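**Student:** I'd like to ask you about the structure that follows.
The values are calculated or read from the model by the stated rules, or taken from the named source; none is laboratory data. Everything numeric here is computed off the predicted structure, so don't read it as measured data. Cβ sites come from the backbone with ideal geometry, for glycine too, and all protein chains shown count toward neighbours. Note: areas computed on protein heavy atoms with side chains; ligands, DNA, RNA excluded. Shrake-Rupley method; radii C 1.70, N 1.55, O 1.52, S 1.80 Å.
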Amino acid sequence: MQVGFIGLGTMGVYMAANLQKAGYKLVVHDINEAAATQHIKDGAKWAASPKAVAEQCELIFTSLPGPPEVEAVATGPNGLIEGMKKGATWFDLSTNSPTVVRKLEALF
């Protein structure tokens, strides 16, 4: 299974590393490409956008700073919604708001 991880900041960097240690093949993305350096050295593939992550993965995790970033990653240009395959699953691990979650659920 190909797993995507978007958001390699304070929390995401460790969550993604643990997925790699458990043997999952990762596709990673962050607004700061340098944040992915160690993951790529450890075998992850870089994706240039959230859409590119979604096009390659059946399971996607996001770990982002807050609701505006979650919404932008999901619905912005080259966002998840443009690339998600039928049957794919997205888990948002961000500190998010119920309003944004409901809004995004209606779009997927």
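**Student:** How large is the accessible surface of Glu55 in square angstrom, using a 1.4 angstrom probe and rounding to the nearest 10?
**Tutor:** 90 Å²
**Student:** Related question: Using the Karplus curve 6.51 cos²θ - 1.76 cosθ + 1.60 with θ = phi - 60°, what ³J(HN,Hα) values do you get for each residue of the stretch 20-33, in whole Hz, with x for Gly and Pro?
**Tutor:** Residue by residue, the stretch 20-33 yields 5, 4, 7, x, 7, 7, 10, 10, 10, 8, 7, 5, 10, 4 Hz.
**Student:** Is any residue of the stretch 22-44 close enough, with backbone N under 14 Å, to a label point placed 7 angstrom from the Cα of Ala72 along the Cα-Cβ axis, and if so, which?
**Tutor:** 30-33
**Student:** Additional query: So I have [x] 87; [y] 121; [z] 103, and one of them is volume of the Cα convex hull per residue in Å³ calculated from this model. Which one is it?
**Tutor:** Checked against the structure: label [x].
**Student:** Using a 1.4 Å probe on the protein chains only, how many percent of the accessible area of the chain belongs to carbon and sulfur?
**Tutor:** Roughly 57 percent of what the probe reaches on the chain is carbon or sulfur.
**Student:** Next question, about the same structure. Put a dot 7 Å past each Cα toward the Cβ at Ala106 and Ile31; how far apart are the dots in nm?
**Tutor:** Distance between the two pseudo-spin positions: 2.6 nm.
**Student:** Right, another one. Enumerate the lysines that Lys25 could reach by cross-link, defined here as Cα to Cα under 23 Å, with residues fewer than 8 away along the same chain left out.
**Tutor:** Hits, sequence-local ones excluded: Lys41, Lys45, Lys51, Lys85, Lys86.
**Student:** Follow-up question, since we're still on this one. Contour minus end-to-end for Lys41 and Ser97, with contour as 0.36 nm per residue of separation and end-to-end as the Cα-Cα distance? Don't jump to the answer; show the numbers that get you there.
**Tutor:** On the way: separation 56, 0.36 × 56 = 20.16 nm, distance 3.41 nm.
Full extension from Lys41 to Ser97 adds 16.7 nm.
**Student:** Now, a different point. How much net charge surrounds Val53 when only the other residues with a Cβ under 15 Å from the Cβ of Val53 are counted, with Lys and Arg +1 and Asp and Glu -1?
**Tutor:** -3
**Student:** Would you mind working out the accessible area per residue for the chain, using a 1.4 Å probe, and quoting it in Å²? Show your work: numbers first, answer last.
**Tutor:** Working: 6050 Å² over 108 residues.
That works out to 56 Å² per residue.
**Student:** Still on this structure: Over the chain, what is the relative contact order in whole percent, taking alpha-carbon pairs under 8 Å and six or more residues apart?
**Tutor:** In percent, rounded to a whole number, it is 27.
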